[in-house]
1. Of the residues in the stretch 297-334, how many are of a type in the set (D, E, K, R) and either within 16 Å of the ligand (Cβ to nearest atom) or assigned by TED's automatic domain parsing to the domain that holds Asn100 (or both)?
2. Is there a residue in the stretch 283-299 that is open to solvent by 20 Å² or more (accessible area, probe 1.4 Å), in contact (Cβ under 8 Å) with a residue 60 or more places away in the chain, closer than 20 Å to Leu413 by Cα and touching an Asp or Glu at 6+ places or on another chain (Cβ under 8 Å)?
3. Name, by its number, the condition in (1) open to solvent by less than 10 Å² (accessible area, probe 1.4 Å); (2) within 19 Å of Ile487 (Cα to Cα); (3) of a type in the set (A, V, I, L, M) that does not hold for Leu585.
4. Please determine whether any residue of the stretch 106-122 is part of a loop (DSSP other than H, G, I, E, B), more than 21 Å from Ala13 (Cβ to Cβ) and either modelled with pLDDT under 95 or in contact with a Ser or Thr (Cβ under 9 Å, 6 or more places away or on another chain) (or both).
5. Among the residues of the stretch 456-481, which ones are more than 16 Å from the ligand (Cβ to nearest atom), open to solvent by 10 Å² or more (accessible area, probe 1.4 Å) and under 26 Å from Ala526 (Cβ atoms)?
6. Test of understanding: among His136, His162, His88, His106, which residue is without any contact (Cβ under 8 Å) to a residue 24 or more places away in the chain and either open to solvent by less than 20 Å² (accessible area, probe 1.4 Å) or over 22 Å from Ser218 (Cβ atoms) (or both)?
7. Restricting to the stretch 229-259, count the residues that are in contact (Cβ under 8 Å) with a residue 24 or more places away in the chain, more than 19 Å from Ala401 (Cβ to Cβ) and touching a strand residue (DSSP E or B) at 6+ places or on another chain (Cβ under 9 Å).
8. In the stretch 68-85, how many residues are open to solvent by 60 Å² or more (accessible area, probe 1.4 Å) and more than 25 Å from the chain's Cα centre (by Cα)?
Amino acid sequence: MCGIVGYVGPQKAEEILLSGLSRLEYRGYDSAGVALLTPDGLRLVRQVGKIANLVQAVQRAGLTGHLGIGHTRWATHGLPTEENAHPHTDCTGRIALVHNGIIENHRELRAELVARGHRFQSQTDTEVLVHLVEEHYRGDLVEAVRRAVARAVGAYAVAVVHADHPEEIVAARQGSPLVATARPAEGFLASDVPALLPYARAFYFLEDGEVAQVRPGSLRVWDRHGRPKEPVLREVPWDPLSAEKAGFRHFMEKEIHEQPRAVADTLRSELSTPWEEGLSGLDLSRVEHIYLVACGTSYHAALVAEYLWEPLLGLPVSAEIASEFRYKNPALGPTTLVVAISQSGETIDTLMAARGAKERGAPLLAVVNVVGSALAREAQAVLYTRAGLEIGVAATKTFTAQIAALALLGLWLARARGALTEEELRQAKEELSRAPRLVEEVLQLGPRLEALAQKFYTYPNFLYLGRGLLYPLALEGALKLKEISYIHAEGYAAGEMKHGPIALIHEGMPVVVLYSADELPEKVVANMQEVRARRGILLAFADAPDPEVEELADHIVLLPRSSRRLLPFTFTPALQLFAYHVARLKGTDVDQPRNLAKTVTVE
Ligand code: F6R
């Protein structure tokens, strides 16, 4: 949520800031701005709308400099207007600040600062921070930022520049991500690695409570007590090309097609990685309940794991929505294993739910895609998905990679608990190794799904139905459609339809039914009949040619036949492609749908 970039060095700062912001645009895109130190002092350019507007405005202003900070905003406090866009400046106009997060005590701080004569220009919570820096500034910018953020309650990642400090950016983190790096004569910082991939491959991931100073060729860090700390940089495995569209129309389309690789790489990373060591102290035979905690698409992956794991482990396994789990006072302790799942590893609801569980003595395992992310650091053990950088705001390849990782993890837990023999484990792994090939096969159905989308992209409502393992996939199919095409779509357990949603079905209502010979096929056929009897339009995604399904369905997408464990790898890409083509035909902003942000760092 919101993206920050900072640069100091011999290159044109405005170019690096704008290119960095455009790579971070997935974090927020209602307004954007930069502050540059020019020979005439600190100058701001801010624009409502996308980065493209800001690029033009910076060009028109003809500004250039060697020190600057930039921001792309996802509004929390105050409308997306130019005054509310970051950077914000203090009363003297000599200090500029960008912020990602929420300052919860901003009202009290603002009242205090106004009473002391500070003049505010925006409705944001952020602006209090820059006035606090102004109050504490006595010539040492690091000290001023440290004292300012000490007054703030809430989550923040901030970057601050001062007109009298032409070679210095000061940053601080509490709850919102920030990475920094330096190379000879240059210094960089950003909310997220992709912004800086063209310039560096090794980064320092700031910890909560830390303050950093970025100068040409140097990066200094202090911990929450003000003690200096040696910043150890981590290599990231992503290359700059992963941030290009490579001939596809959208990042989402590219990422859907990258799934065979994402799944294969995740399966290959196998069970030999250090995450297993992290769990070695845990006596798995004592585990009595497993909670899988996540949000959004990652929650759907958690639900898939619940369906896969429970029969395998013979233990209660529950998928939980992180924002609910956190506050419902769950009964947790050393015998409850918590598995937190997150692409970004920065989603605040998941992070806080995981932290809370750990504090109550539950062993914590994380499944994340971003190396070094907050959740990865929080957990006792981490299983990384190897999906690579995902730029499209809608999760695609990270979802199937999560399922691959969770399927493997389930097998490992089953073996560790003695619920699976070595031979069964070998067979199950061999079965899973077919997943990438299956995804590839489904991707060949692109033209068929595009033609189907052509018929349906004008419909205002959809229902998605599935049973068993196909139920979470129905939820995910509906989520993909609604978030990128803005069509109202609901996912439902097919058996629940008759308990309410059936009232929605009328002549001309499209109902997507997921049908597999492996998941209660007769029951699903019965549910299809119920739709048919009410003249709904049936779109069947089926992995087995069944005469009854053929007779009932208005349209059938025939998927490759696999096995129960592999169902997510055939149904998911087909549903993703259908949603993608519907949205593309509707002309929505597929990669950056309205109101969404890739990483949700506010509650
Ligand atoms: C939907 C989507 C979101 C995320 C959710 C959690 O396509 O991307 O629903 O899945 O915001 O994000 P992570 O996985 O980063 O915790």
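The values are calculated or read from the model by the stated rules, or taken from the named source; none is laboratory data. All values derive from a computational prediction rather than experimental measurement. Quick reminder, even Gly has a Cβ in these numbers, built from the backbone with ideal geometry, and neighbours come from all protein chains shown. These accessible areas exclude ligands, DNA and RNA; they are computed on the full protein's heavy atoms, side chains included. Shrake-Rupley method; radii C 1.70, N 1.55, O 1.52, S 1.80 Å.
1. Going residue by residue through the stretch 297-334, those that are of a type in the set (D, E, K, R) are 306, 310, 320, 324, 326, 328.
Right, trim to either within 16 Å of the ligand (Cβ to nearest atom) or assigned by TED's automatic domain parsing to the domain that holds Asn100 (or both) and you get 320, 324, 326.
Within the stretch 297-334, residues that are of a type in the set (D, E, K, R) and either within 16 Å of the ligand (Cβ to nearest atom) or assigned by TED's automatic domain parsing to the domain that holds Asn100 (or both) number 3.
2. To start, the set of residues in the stretch 283-299 that are open to solvent by 20 Å² or more (accessible area, probe 1.4 Å) comprises 283, 285-286, 288-289, 291, 295-296, 299.
Then drop every residue that is not in contact (Cβ under 8 Å) with a residue 60 or more places away in the chain, which leaves 285, 291, 295-296.
When the remaining residues are screened for being closer than 20 Å to Leu413 by Cα, the result is 285, 291.
This time we only want the ones that are touching an Asp or Glu at 6+ places or on another chain (Cβ under 8 Å), so: 291.
Looking for residues that are open to solvent by 20 Å² or more (accessible area, probe 1.4 Å), in contact (Cβ under 8 Å) with a residue 60 or more places away in the chain, closer than 20 Å to Leu413 by Cα and touching an Asp or Glu at 6+ places or on another chain (Cβ under 8 Å), one finds at least one in the stretch 283-299, hence yes.
3. In the conditions (1) open to solvent by less than 10 Å² (accessible area, probe 1.4 Å); (2) within 19 Å of Ile487 (Cα to Cα); (3) of a type in the set (A, V, I, L, M), Leu585 misses (1) alone.
4. Step one: list which residues in the stretch 106-122 are part of a loop (DSSP other than H, G, I, E, B), which gives 116-122.
Now drop any that are not more than 21 Å from Ala13 (Cβ to Cβ), which leaves 116-122.
Remaining after also requiring either modelled with pLDDT under 95 or in contact with a Ser or Thr (Cβ under 9 Å, 6 or more places away or on another chain) (or both): 121-122.
Looking through the stretch 106-122, at least one residue is part of a loop (DSSP other than H, G, I, E, B), more than 21 Å from Ala13 (Cβ to Cβ) and either modelled with pLDDT under 95 or in contact with a Ser or Thr (Cβ under 9 Å, 6 or more places away or on another chain) (or both).
5. Once the filter is applied, which keeps residues that are more than 16 Å from the ligand (Cβ to nearest atom), open to solvent by 10 Å² or more (accessible area, probe 1.4 Å) and under 26 Å from Ala526 (Cβ atoms), the stretch 456-481 yields Tyr459, Asn461, Arg467, Gly468, Tyr471.
6. On the way: His162 fails: without any contact (Cβ under 8 Å) to a residue 24 or more places away in the chain; His88 fails: without any contact (Cβ under 8 Å) to a residue 24 or more places away in the chain; His106 fails: without any contact (Cβ under 8 Å) to a residue 24 or more places away in the chain.
The unique qualifying residue is His136.
7. Final tally of qualifying residues: 5.
8. 2
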